[in-house]
Amino acid sequence: MRKTYTFAVLLTLCLGIHSVQAQWLTQSIALKAGWNAVYLHVDSSYATLQDLVGSDPNIPISEVWRWNTTSTMQFVGDDQTPAFDANQWASWSRSAPDSSLLQRLTGNTAYLICVYTNVPTYTWNIKGKPVPPSYHWTSAGMNFIGFSTVPTGPPTFYDFLLKAPDLYSNAQIYQYTGGDMGAGNPAAVSMYAWRTATVKRGQAFWMCKTNYFNTYFGPFEVDLSNAKGVDYANTLSVRSVRLRNLTSTNLTVTLNVAASETPPAGQTNIVCVPPLLVRGALNASNLTYACASLVVGSPRSWTLKAKGLAGSEVEVVLGLNRSAMTGQVGDLQAGVLSFTDSLGFTKVDVPVSANVASSAGLWVGSAAITHVGEYLTTFVRNADGNPMVGTNGQYQVSGTTTNLGAVSSAFPLRLIVHNPAAGGSAVLLQRVFCGVDNNTNSVVATSEDVLSRTSIKDARRISASHLPWSVVNSGWNFSGNLDQTNIVVTVTTDYDDPASNPFIHGFHPDHDNLDATFKTKLPQGAESYTLQRTLVLTSTPPTGDFDSYVSKSKTLSGDYDETIQLLGTERNGGTDTREFHVHGIFRLNRITDIPTLTRP
């Protein structure tokens, strides 16, 4: 007969309802009639236990208990049976789900599961977010833990613990055998049984070794910069993972990437596995890193030296190739990174995720002019080699050479570009102001008037002196936004613009655009010319090294081309023009992701 426990539980587990935006994996756990100890390697807190278990009559689970790991489990009697203290548990019951203190299942946690006695065996499939291992070992009492062993063909306790001699010696292990709880359940796993008893994935064990703090939970350790996994979110592109050998012999660790399972109803849709890269060796000649794609079906491996030796751990730098991400802004791409060892002992699942990023915000950088077009005129010559004069009394022109020639030193031109959140055109600006407004909101503005007077000392103005200044500072619209490969913008400086036109000199009578009486304005081309500058930004694809692939969310670079036209007097229905070309490279860095350009 199943024994029912009704305890006054003091521990309250309070987990708010939230939407888990991550990848998904199903953990299968074999249960027996009665009490079972399980260890979850997935987090299923996206739904309540009532939703996961209680609402499905086909799941023969009547109770779920979670141990309070902040306390210790002591021994009773002859040190053969752990004591069961009700105050150390939170529970859920199918018969009274609303009054249960345990409402959700979290990962890296051991639970006691009670199965109805009329169901001899049952496989519980529970879907959740894979969680990296995180263990908290206490040396003052019992530890209720599980191990990230391989799902198929797990090692025996003898083989598994032999790699940690200090833990192997005099460690005490207890496991639940099903049926009622009491004397002999949990039962001690004697050292004689270690050669046959296996360390099953998903099964929890009581473990203890007096006055010993254990750090061994498998032959290798995965050390993450983010305890929740590898998450690139909207803007990050580089994450690192450290692999550490905990054994006394060389060990090979292999990394595979797998697609996520279909998310549960109501959870964020996953589009695909993100395009991942593994950083390779440094090229000393150009200081760039090689890289290789990490895709489903193409594992990567590292051989680690024995514990304590140089080379016993390695940093694995994982990049996100944002230039290869497709879809709508905010789309979730996710998968599972699985680390296994050459002993066949351990499988560590780590979630990896990224969102398709927006390029909205303020981008500031420069163009470096490296080539300038010539403007060399050649003339028709007679047999003696002298220039020939035409009927108009001028030398006859045979052609004009406009070839691009390299300059001795690149000339910089500052570029200030604001890119919109969705659609629309990027704006080239002569100046921009970054600060906070009167409501303390961070803003990118075209005028200082938008900024808070009390915080003006902390604001910043960025200017481009080569672009024409105007009071309104409205800027110039590109033909598209920075998500496009090629965008064009035309900047016009009127011939009679005294603030910006370089041909106007207000105190020189031959360059003031006025006649001899200083009263009548002269036409275009008489003393000054209208300038039309057509700027073309052509983004270039990554060059093949690691940094070029992972930098797209923060930097943009490519070819810069500019055509400069001088518009003179109008003749015969047209306009006298002279045209010049320059070429170079550009690089923009995103300094803020504020999507709105505020105008007064």
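Restricting segment 425-468 to residues that are aliphatic (A, V, I, L, M) and part of a helix (DSSP H, G or I), which is farthest from Arg599 (Cα to Cα)? Here the residue is Ile456.
I need the full set of residues from segment 150-179 which are of a type outside the set (Phe, Trp, Tyr) and touching a strand residue (DSSP E or B) at 6+ places or on another chain (Cβ under 6 Å), in order please.
Looking only at segment 150-179, we keep the residues that are of a type outside the set (Phe, Trp, Tyr), and these are 150-156, 159, 161-167, 169-173, 175, 177-179.
Across segment 150-179, the qualifying residues are Val150, Pro154, Thr156, Gln172, Ile173, Gln175, Thr177, Gly178, Gly179.
It is to be established whether one or more residues within segment 245-255 are out of contact with any strand residue (DSSP E or B) (no Cβ under 6 Å at 6 or more places or on another chain) and β-branched (Val, Ile, Thr). Within segment 245-255, one or more residues are out of contact with any strand residue (DSSP E or B) (no Cβ under 6 Å at 6 or more places or on another chain) and β-branched (Val, Ile, Thr).
Out of curiosity, is Leu514 in contact with a Lys or Arg (Cβ under 8 Å, 6 or more places away or on another chain) and either modelled with pLDDT under 90 or of a type in the set (Asp, Glu) (or both)? Here the answer is yes, as Leu514 does meet what is asked.
For segment 61-77, state whether one or more residues are hydrophobic (A, V, I, L, M, F, W, C), part of a loop (DSSP other than H, G, I, E, B) and either at pLDDT below 55 or buried (at least 17 other Cβ atoms within 10 Å of the Cβ) (or both). Show your work before the answer.
Here is the first cut: in segment 61-77, the residues hydrophobic (A, V, I, L, M, F, W, C) are 61, 64-65, 67, 73, 75-76.
Retained after the next criterion (residues that are part of a loop (DSSP other than H, G, I, E, B)): none.
No.
Please determine whether any residue of segment 128-142 is of a type in the set (Gly, Ala, Ser), at pLDDT 95 or above and part of a strand (DSSP E or B). Within segment 128-142, one or more residues are of a type in the set (Gly, Ala, Ser), at pLDDT 95 or above and part of a strand (DSSP E or B). Residues of segment 403-418 that are surrounded by fewer than 20 Cβ atoms within 10 Å (Cβ to Cβ), out of contact with any His (no Cβ under 6 Å at 6 or more places or on another chain) and not hydroxyl-bearing (Ser, Thr, Tyr): Asn403, Gly405, Val407, Ala410, Phe411, Pro412, Arg414. For segment 575-585, the condition holds for no residue, the condition being that it is over 15 Å from Leu482 (Cβ atoms), among the small types (Gly, Ala, Ser) and surrounded by fewer than 15 Cβ atoms within 10 Å (Cβ to Cβ).
Among residues belonging to segment 339-353 that are of a type in the set (Val, Ile, Thr) and over 20 Å from Thr198 (Cα atoms), point out the one that is surrounded by the fewest Cβ atoms within 10 Å (Cβ to Cβ). The selected residue is Val350. Looking only at residues of segment 108-126 that are buried (at least 21 other Cβ atoms within 10 Å of the Cβ) and β-branched (Val, Ile, Thr), we find that the one that is nearest to the chain's Cα centre (by Cα) is Thr109. Scanning segment 437-461 for residues that are under 30 Å from Asp561 (Cα atoms) and either surrounded by 15 or more Cβ atoms within 10 Å (Cβ to Cβ) or modelled with pLDDT under 95 (or both), we see that the one that is nearest to the chain's Cα centre (by Cα) is Val444. Could you run through segment 222-235 and say how many residues are surrounded by fewer than 19 Cβ atoms within 10 Å (Cβ to Cβ) and either under 12 Å from the mean Cα position of the chain (by Cα) or over 28 Å from Tyr549 (Cβ atoms) (or both)? Qualifying residue count for the region: 5. The number of residues in segment 541-562 that are among the aliphatic types (A, V, I, L, M) and either part of a strand (DSSP E or B) or in the same structural domain as Tyr232 (by TED's automatic domain parsing) (or both) comes to 1. When Val199, Val257 are checked against the criterion of being modelled with pLDDT of 95 or more and either in the same structural domain as Glu315 (by TED's automatic domain parsing) or farther than 30 Å from Gln175 by Cα (or both), Val257 stands alone in meeting it. Among the residues of segment 297-334, which ones are of a type in the set (A, V, I, L, M), at pLDDT 95 or above and not in a strand (DSSP E or B)? Those that are of a type in the set (A, V, I, L, M), at pLDDT 95 or above and not in a strand (DSSP E or B): Ala306, Leu309, Ala310. For segment 165-186, residues that are outside any loop (DSSP other than H, G, I, E, B) and over 46 Å from the mean Cα position of the chain (by Cα) total 3. Would you confirm whether any residue within segment 272-293 is farther than 30 Å from Leu482 by Cβ, out of contact with any Lys or Arg (no Cβ under 8 Å at 6 or more places or on another chain) and assigned to a loop (DSSP other than H, G, I, E, B)? Checked against the condition, which is being farther than 30 Å from Leu482 by Cβ, out of contact with any Lys or Arg (no Cβ under 8 Å at 6 or more places or on another chain) and assigned to a loop (DSSP other than H, G, I, E, B), segment 272-293 yields at least one hit.
Here is a yes/no grid of residues against (1) closer than 23 Å to Gly361 by Cβ; (2) in contact (Cβ under 8 Å) with a residue 40 or more places away in the chain; (3) among the hydroxyl-bearing types (Ser, Thr, Tyr):
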site	(1), (2), (3)
Trp469	no, no, no
Gly506	no, no, no
Pro523	no, yes, no
Thr534	no, yes, yes
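For the structure I just gave you, tell me whether Pro264 is buried (at least 22 other Cβ atoms within 10 Å of the Cβ) and part of a loop (DSSP other than H, G, I, E, B). Full working, then the answer.
Numbers: buried (at least 22 other Cβ atoms within 10 Å of the Cβ): no; part of a loop (DSSP other than H, G, I, E, B): yes.
Taking the combined requirement at face value, the residue does not satisfy it.
Do we have any residue at all in segment 102-110 that's among the β-branched types (Val, Ile, Thr), assigned to a strand (DSSP E or B) and in contact (Cβ under 8 Å) with a residue 60 or more places away in the chain? Scanning segment 102-110 turns up at least one residue that is among the β-branched types (Val, Ile, Thr), assigned to a strand (DSSP E or B) and in contact (Cβ under 8 Å) with a residue 60 or more places away in the chain.
Of all residues in segment 206-244, those satisfying the criterion of being in contact with a strand residue (DSSP E or B) (Cβ under 8 Å, 6 or more places away or on another chain) and among the aliphatic types (A, V, I, L, M) are Met207, Val222, Leu224, Val230, Ala233, Leu236, Val238, Val241, Leu243.
A search for C-beta distances below 9 Å between a residue of segment 414-435 that is in contact (Cβ under 8 Å) with a residue 40 or more places away in the chain and basic (Lys, Arg) and any residue that is crowded, with 22+ Cβ neighbours inside 10 Å and in a loop (DSSP other than H, G, I, E, B), counting only pairs 6+ apart in sequence or on different chains, returns Arg414/Leu467; Arg431/Leu467. Applying the condition of being under 20 Å from the mean Cα position of the chain (by Cα) and under 15 Å from Ser557 (Cβ atoms) to segment 358-374 and asking which residue is surrounded by the most Cβ atoms within 10 Å (Cβ to Cβ) yields Trp363. Selection within segment 473-521: residues that are of a type in the set (Phe, Trp, Tyr) and touching a strand residue (DSSP E or B) at 6+ places or on another chain (Cβ under 6 Å). The member of this set that is farthest from Ser358 (Cα to Cα) is Tyr495. Remark: pairs (first residue in segment 279-294, within 13 Å of Val550 (Cβ to Cβ) and in the same structural domain as Gly319 (by TED's automatic domain parsing); second residue of a type in the set (Lys, Arg) and part of a strand (DSSP E or B); Cβ separation under 6 Å; 6+ apart in sequence or on different chains) = Tyr289/Arg279; Cys291/Arg279.
The values are calculated or read from the model by the stated rules, or taken from the named source; none is laboratory data. All figures in this text were calculated on a predicted structure; none of them were measured in a lab. In this analysis, Cβ positions are derived from the backbone assuming ideal geometry, glycine residues included, and neighbour counts consider all displayed protein chains.
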